[in-house]
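Right, one structure below, let's go through it.
The values are calculated or read from the model by the stated rules, or taken from the named source; none is laboratory data. Keep in mind it's a predicted model, so treat the numbers as computed, not measured. Cβ: placed from backbone, ideal geometry, glycine included. Neighbour counts: every protein chain shown. When the accessible area is computed, the model is the full protein with side chains, heavy atoms only, and any ligands, DNA or RNA have been set aside. Shrake-Rupley method; radii C 1.70, N 1.55, O 1.52, S 1.80 Å.
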Amino acid sequence: MRALCYNGIRDLRVENVPDPGIINPHDAIIRVTLSSVCGSDLHLINGYVPTVQSGDILGHEFIGEVVETGPQVKKLKKGDRVVVASVIACGECQHCQEQSFSLCDNTNPNAYIAEKMFGDSGAAIFGYSHAFGGYAGSHAEYIRVPFAEKGCFVIPEGIADDSAVFCSDAFPTGFMAADMADIKPGQVVAVWGCGGVGQMAIQSARLLGAERVIAIDGHEERLRTAQMIGGATDILNYKKVNIQDALKELTGGRGPDVCIDAVGMEAFGEGIGYYYDRAKQYVRLENDRPVVLREAIMACRKGGTVSIVGVYSGFADKIPMGAAMNKALTFKMGQMHAQRYIPRLLEYVRDGKVDPSYLITHRVGLEQGQQAYDLFYESRDHCMRAVFVP
Amino acid sequence: MVFQRKYSVEETINPQPSGSGQVNIGSTERMISAFSGALLTFYAIRRPVKHWALLSAGGYMLYRGLSGYCPMNQAVGRNTSDKEIESLQISRTVTVNRPRSKVYAFWRQLDNLPRFMQHLASVTPLDTKRSHWVAAVPKGLGTIEWDAEILEEVENERLVWRSVAEATVDNAGEVYFKDAPGGQGTEIHAIIRYQAPAGYAGQALASLFNPAFGQMVKEDLRRFKNLLETGELPVSEAQYSGQRVSDKTEPSKKQEIYESPVL
Ligand SMILES: [Zn+2]
Ligand SMILES: [Zn+2]
């Protein structure tokens with residue numbers, strides 16, 4: 001089959017690789033019909049992740065059709081159109097049974113690497129480095145899905161592929177940001193970042209009853225989209241206004257009740273020194289990234305909640321703990337528990353409450369993989385999300 | 001209630017020392033050297049991110065074990081072949097989200113052990129107490145075999161075993177099971193003791209070997225948990241990818257698991 005493989009920094013190539021087969025009894029093989037780029041892929045492609053190896057197939061947000069199932073897979077059948085959770089979870093461990101699927105104990109065969117990095121390992125993620133399991137990703141014609149009954153969800157009739165694909169990763173991530181912040185009706189929510197995840201966080205905050213949602217980004221057209229489609233009540237361009245002042249102004253001097261960081265700051269590695277250096281290097285290279293968390297902490301209302309879904313993987317410098325402590329903030333964070341949210345999100349989409357399909361700005365073949373990521377990375381040509389049609 | 005222990009690996013039980021070689025490394029040390037070296041080498045090679053320190057330590061021990069000659073011993077004028085042998089101890093623990101009786105039963109059926117202990121080729125029960133163990137030394141270096149006996153067994157609580165005299169790898173172990181708090185399943189505590197070579201070089205070797213061996217025991221326990229909770233072992237290594245396709249290793253043990261789901 002054809003697959004988009006990492007060959008080096010910002011060097012993705014389509015290669016011919018063997019078709020995946022069933023290895024374990026709970027596996028299924030999916031023919032991929034749509035596979036989206038995601039912001040977190042950029043840090044793999046840009047070479048900040050030492051456990052990415054040349055030949056690795058990227059991609060973790062996808063839909064497809066079931067073509068083969070292992071002997072223990074009963075609830076799926078050939079031909080099912082499914083959306084697949086980007087995190088791989090067994091459904092049997094303590095964490096899975098508590099619905100914290102991204103903390104699954106049993107899906108990362110390279111747990112020892114993550115253990116060195118984080119003290120313990122969470123669930124594996126498709127196409128997301130060897131530290132996160134080393135599973136082949138979805139930018140390919142076919143993909144092997146372990147624990148398929150837990151991770152594949154049949155897409156109800158009437159939901160288009162373009163809407164369903166983001167129920168794999170971007171929508172559940174944005175939704176979890178709002179859900180774990182325990183938003184109460186009437187509250188004011190600020191969302192940093194208006195890419196795919198940020199857009200979904202904005203919509204989710206509205207769904208969960210936020211009275212006002214303030215969208216923050218540096219790209220005018222993304223802000224406009226957040227307002228026109230996402231339902232943001234206010235938009236702030238950090239290139240034009242002082243965010244701290246503007247947020248105070250918009251909230252009668254109190255600050256937002258909930259601050260969602262949908263940007264993150266990503267740097268992977270092994271060992272403390274590596275992380276520290278990379279994080280610092282990254283800050284110089286990609287300014288503004290860790291600024292989001294600091295800004296959210298400083299802006300958040302006393303007693304408010306900071307909800308983090310933008311990915312952090314190493315060490316963050318100069319986090320204002322004094323502000324967090326003295327304002328009695330609550331921190332909520334985590335990789336999202338896709339399997340917990342997907343059924344509910346598919347209902348929202350089916351009922352017309354949310355239609356994530358507007359995130360797609362580019363539709364390309366695998367051969368345009370590197371160009372698509374370049375557009376996405378540089379936010380050129382109004383690129384919000386590019387999807388591959390393998 | 002205080003649980004009375006007849007044997008405790010931590011306090012009383014030592015592996016039975018054996019070994020009589022008269023090269024400058026004793027045969028026990030030599031076997032351990034070869035065995036652990038092969039394991040380390042194997043372990044380092046099969047990692048997705050190759051662990052060069054392990055590789056070279058492994059290679060060194062392999063050489064030492066196979067040749068019966070240690071340049072380090074020679075250099076410091078030591079001969080460890082007739083010295084008393086110390087033993088090293090590793091303890092690791094894991095929590096399995098399954099009832100204690102199930103967890104115990106799976107472990108007690110000793111022929112299950114190779115399904116999660118990666119270096120074991122087979123364990124064959126000979127009678128209720130005795131069993132025959134075979135470990136495959138990777139890279140075509142053959143196998144190492146020994147007999148072990150269960151010294152103490154308390155159902156659903158504890159197992160203590162020891163290799164019988166003249167084992168090639170002298171080892172003893174204890175594993176005990178207890179309920180995790182809050183209904184979180186069962187805690188398994190494994191304590192493994194094995195003979196380490198004596199002397200200066202032995203110390204150096206042990207300090208190299210111990211962390212890797214500890215990690216190995218930990219990985220074995222992790223696989224035990226994987227298997228009991230899900231009926232399979234997570235595997236991504238055997239998967240397709242670009243470019244590296246040619247150097248993919250065969251799926252090895254995973255296929256057996258596929259054919260015989262546990263639960
Ligand atoms: Zn993602
Ligand atoms: Zn799990």
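Values for this structure:
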{"quantity": "Matching residues in the stretch A:111-127 - criterion: being within 16 Å of ligand 2 (Cβ to nearest atom) and either in contact (Cβ under 8 Å) with a residue 12 or more places away in the chain or among the small types (Gly, Ala, Ser) (or both)", "calculated": "A:ALA111, A:ALA114, A:SER121, A:GLY122, A:ALA123, A:ALA124, A:ILE125, A:PHE126"}
{"quantity": "Residue check for B:GLN239: under 29 Å from A:PHE147 (Cα atoms), within 14 Å of another protein chain (Cβ to nearest Cβ) and modelled with pLDDT under 90", "calculated": "yes"}
{"quantity": "Where A:PHE171 falls short, out of the listed (1) touching a residue at least 40 places away in the same chain (Cβ under 8 Å); (2) in contact with a strand residue (DSSP E or B) (Cβ under 9 Å, 6 or more places away or on another chain); (3) in a helix (DSSP H, G or I)", "calculated": "(2)"}
{"quantity": "Given (1) among the basic types (Lys, Arg); (2) surrounded by fewer than 18 Cβ atoms within 10 Å (Cβ to Cβ); (3) at pLDDT 95 or above, number of the condition A:LYS184 does not satisfy", "calculated": "(3)"}
{"quantity": "Test: residue in the stretch A:79-94 that is within 16 Å of ligand 2 (Cβ to nearest atom), assigned to a helix (DSSP H, G or I) and either in contact with a Gly (Cβ under 6 Å, 6 or more places away or on another chain) or modelled with pLDDT of 95 or more (or both)", "calculated": "yes"}
{"quantity": "Set B:VAL217, B:VAL245: member being in a helix (DSSP H, G or I), at the interface with chain A (Cβ under 9 Å from one of its Cβ atoms) and either modelled with pLDDT of 75 or more or over 14 Å from B:LEU88 (Cα atoms) (or both)", "calculated": "B:VAL245"}
{"quantity": "Pair list, Cβ under 6 Å, 6 or more apart: the stretch A:132-148 residue among the basic types (Lys, Arg), other residue open to solvent by less than 10 Å² (accessible area, probe 1.4 Å) and assigned to a strand (DSSP E or B)", "calculated": "A:ARG144/A:ILE29"}
{"quantity": "Residue count, the stretch A:95-120 (criterion: at the interface with chain B (Cβ under 9 Å from one of its Cβ atoms) and among the hydroxyl-bearing types (Ser, Thr, Tyr))", "calculated": "2"}
{"quantity": "Helices (runs of 4 or more DSSP H) completely within the stretch A:301-390 that count 2 or more residues being among the aromatic types (Phe, Trp, Tyr)", "calculated": "A:338-350, A:369-378"}
{"quantity": "Residues satisfying the stated conditions in the stretch A:20-67, i.e. among the charged types (D, E, K, R) and either part of a strand (DSSP E or B) or within 16 Å of ligand 2 (Cβ to nearest atom) (or both)", "calculated": "A:ASP27, A:ARG31, A:GLU61, A:GLU65"}
{"quantity": "Of all residues making up the stretch A:17-74, the number that are in contact (Cβ under 8 Å) with a residue 60 or more places away in the chain, among the hydroxyl-bearing types (Ser, Thr, Tyr) and either within 14 Å of chain B (Cβ to nearest Cβ) or closer than 14 Å to A:GLY127 by Cα (or both)", "calculated": "5"}
